[in-house]
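Encoded as structure tokens, the structure appears first; notes follow it.
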Amino acid sequence: MILFGIPERKDEFGSEAYDENGIIQRTVRALKREIPELVVITDVCL
């Protein structure tokens, strides 16, 4: 499975990549709640 989030806004710091409430961040937390044994590897996609 690959999750690819397209941020609404981009900046020179890639802030959306480490936003606590970003779509990918929320999705990873939800997946881990439902499937704790799932191994998750992410890419910040700057």
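Structural remarks
- Within the stretch 3-27, residues that are within 23 Å of L38 (Cα to Cα) and among the small types (G, A, S) have Cβ atoms under 7 Å from residues that are surrounded by 15 or more Cβ atoms within 10 Å (Cβ to Cβ) and modelled with pLDDT under 85 in these pairs: G22/G5, counting only partners at least 6 apart in sequence or on another chain.
Here is a yes/no grid of residues against (1) modelled with pLDDT under 90; (2) part of a loop (DSSP other than H, G, I, E, B):
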position: G5; (1), (2): yes, yes
position: E8; (1), (2): yes, yes
position: A17; (1), (2): yes, no
position: V28; (1), (2): no, no
position: L31; (1), (2): no, no
position: P36; (1), (2): no, yes
position: V39; (1), (2): no, yes
position: D43; (1), (2): yes, yes
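The values are calculated or read from the model by the stated rules, or taken from the named source; none is laboratory data. This structure is a prediction, so every number in the text was calculated from the model and none was measured. Note that each Cβ is placed from the backbone with ideal geometry, even for glycine, and that neighbours are counted across all protein chains shown.
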